[in-house]
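One structure is given below, encoded as structure tokens.
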Amino acid sequence: MADIIPFDKRSGSIWFDGKLVSWQDAKVHVLTHGLHYASSVFEGERVYSGRIYQLEEHTRRLFESARILDMKIRFTENEINAASREVAKVQGFNDAYVRPVVFRGSEQMSVAAPHASTHIAIAVWQWPSYFDPALKMKGIRLTISDWRRPAPDTAPWRSKAAGLYMICTISKHKAEAEGYHDALMMDYRGLVAEATGANIFFVEEGKLITPIADCFLDGVTRRSIIALARARQIPVVERYIEPDDLAKFSECFLTGTAAEVTPVSEIGPHRFRPSTLTETLMHDYMEDVRRPVVNPGSP
């Protein structure tokens with residue numbers, strides 16, 4: 001870890017509340033409401049060949065997440081799209097990660113903070129594959145988390161809210177400490193839900209199977225993969241998946257902005273072999289994210 005530059009020590013610019021500021025000057029106070037009460041939402045996006053993939057869809061979800069948490073962004077979606085492109089261009093990375101984050105400020109420090117201001121920042125940095133590229137076709141190993149995704153009436157599951165990732169961090173830390181790469185999380189009913197930061201797909205007799213997203217985030221990449229599969233006439237089935245169903249599946253992979261399309265070789269006692277369907281969708285996804293920009297002025 002010694003050669004990793006801490007995020008507060010990096011260089012460049014961050015778009016912060018309407019203007020570009022020096023990376024190391026993009027600071028908030030320790031008594032910021034978002035730090036203490038998780039009043040924060042964010043997005044994860046990637047720049048491929050100079051274009052932010054599915055930017056408009058990500059920004060739309062960012063605004064909806066903020067609305068669910070009762071935070072009003074004082075910019076329009078178009079302004080945030082333009083700001084995202086601006087900071088990506090200023091950072092000068094052809095391939096990179098984009099992180100917009102919205103959070104309540106420091107005017108009030110209590111559970112209710114109706115007078116706290118809402119801030120938004122957008123940062124761009126280089127971030128390679130979420131998992132070791134050498135594992136891409138070999139497949140990563142997952143354990144099964146002790147934690148479950150909460151019931152839909154107990155958490156704002158439709159939002160990409162920072163607080164919802166607390167149990168994900170705990171689960172992934174434990175998985176890595178035990179020699180795994182990630183963890184599969186069940187939902188409040190004990191059904192298969194997702195990994196700690198990615199959606200999950202399975203293959204059964206030529207069909208693509210994925211859990212119904214009714215208590216966890218319906219990922220942007222998840223929707224892209226479903227669309228790509230259907231374009232190839234691959235049947236896609238969204239259904240509830242029991243833990244015992246895992247023994248029936250031949251292939252498995254994760255999807256997400258960070259994970260992209262990552263094959264899985266193991267979940268607890270279950271084994272999978274990445275094969276044709278997984279390879280096809282990995283290839284189609286990478287082609288999609290790197291397709292040429294039709295209008296060079298609007299990446």
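The values are calculated or read from the model by the stated rules, or taken from the named source; none is laboratory data. The shown structure was predicted, so the numbers you read here are calculated from the model rather than taken from an experiment. Because the Cβ atoms are built from the backbone with ideal geometry, glycine has one as well, and the counts that use them run over all protein chains shown. Quick note on the areas: whole protein, heavy atoms, side chains included, nothing else; ligands and nucleic acids left out. Shrake-Rupley method; radii C 1.70, N 1.55, O 1.52, S 1.80 Å.
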| field | Qualifying aspartates and glutamates (Cα of each under 14 Å from Cα of Lys19; at least 8 residues distant if same chain) | value | Glu79, Glu86
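Give, as a single signed number, the net charge of other residues whose beta carbon lies under 11 Å from the beta carbon of Leu62, with Lys and Arg counted +1 and Asp and Glu -1.
Details: positive: Arg60, Arg61, Arg67, Arg99, Lys160; negative: Glu43, Glu45, Glu56, Glu57, Glu64, Glu77.
Net local charge, Leu62 excluded: -1.
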| query | Setting aside same-chain residues fewer than 8 positions from Lys248, which lysines have a Cα under 22 Å from its Cα? | reply | Lys138, Lys207
| field | Net charge contributed by nearby residues that have their C-beta within less than 12 Å of His283 (K/R +1, D/E -1) | value | -2
| Inter-label distance for Val101 and Leu20, nm, one decimal - labels placed 7 Å from Cα along Cα-to-Cβ | 2.1
| request: With everything on Cα atoms, drop me the angle between helix 55-68 and the longest principal axis of the chain, reported from 0 to 90° to the nearest 10. | output: 70
| task | Using a cut-off of 11 Å between beta-carbons, work out the net charge of the residues near Ile200 (Lys and Arg +1, Asp and Glu -1, Ile200 not included). | result | -1
| said: Can you give me the accessible area per residue for the chain, using a 1.4 Å probe, in Å²? | reply: 49
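Can you give the FRET efficiency for Arg232 and Glu176, using 1/(1 + (r/R0)^6), R0 = 41 Å, r = Cβ-Cβ distance, to the nearest 0.05? Working shown, then result.
Values: r = 34 Å, r/R0 = 0.84.
Approximately 0.75, to the nearest 0.05.
Once the cut-off is 20 Å, how many percent of the Cα-Cα pairs in the stretch 40-122 end up in the long-distance tail? Walk me through the numbers before you get to the answer.
Details: 1174 of 3403 pairs.
More than 20 Å apart: 34 percent of the Cα pairs in the stretch 40-122.
Can you show me the helix-derived [θ] at 222 nm for the chain, built from DSSP H runs with n ≥ 4 at -39,500 (n - 2.57) apiece and divided by the number of residues, rounded to the nearest 500.
Details: 6 runs with 72 residues, N = 299.
Mean residue ellipticity at 222 nm (helix-derived): -7500 deg cm²/dmol.
Within the chain, what whole-number % of the accessible surface is contributed by carbon and sulfur, with the 1.4 Å probe and all protein chains included in the calculation?
Carbon and sulfur: 53 percent of the exposed surface of the chain.
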| In whole angstrom, and with the biggest value first, how far do the Cα coordinates of the chain range along each principal axis? | 54, 45, 39
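Computed over the Cα atoms of the stretch 79-227, what is the ratio Rg over Rh, Rh following Kirkwood?
Working: Rg = 18.0 Å, Rh = 18.0 Å.
Rounded to two decimals, Rg/Rh equals 1.00.
Under the √(5λ) rule applied to the eigenvalues of the Cα gyration tensor, what semi-axes describe the equivalent ellipsoid of the stretch 164-231? Give them in Å, descending. Provide the component values of the computation, followed by the final result.
Details: eigenvalues 110, 36, 28 Å².
Values for the stretch 164-231, descending: 23, 13, 12 Å.
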| query | So, in Å, what gap is there between the alpha-carbon centers of the stretch 2-44 and the stretch 74-135? | reply | 8
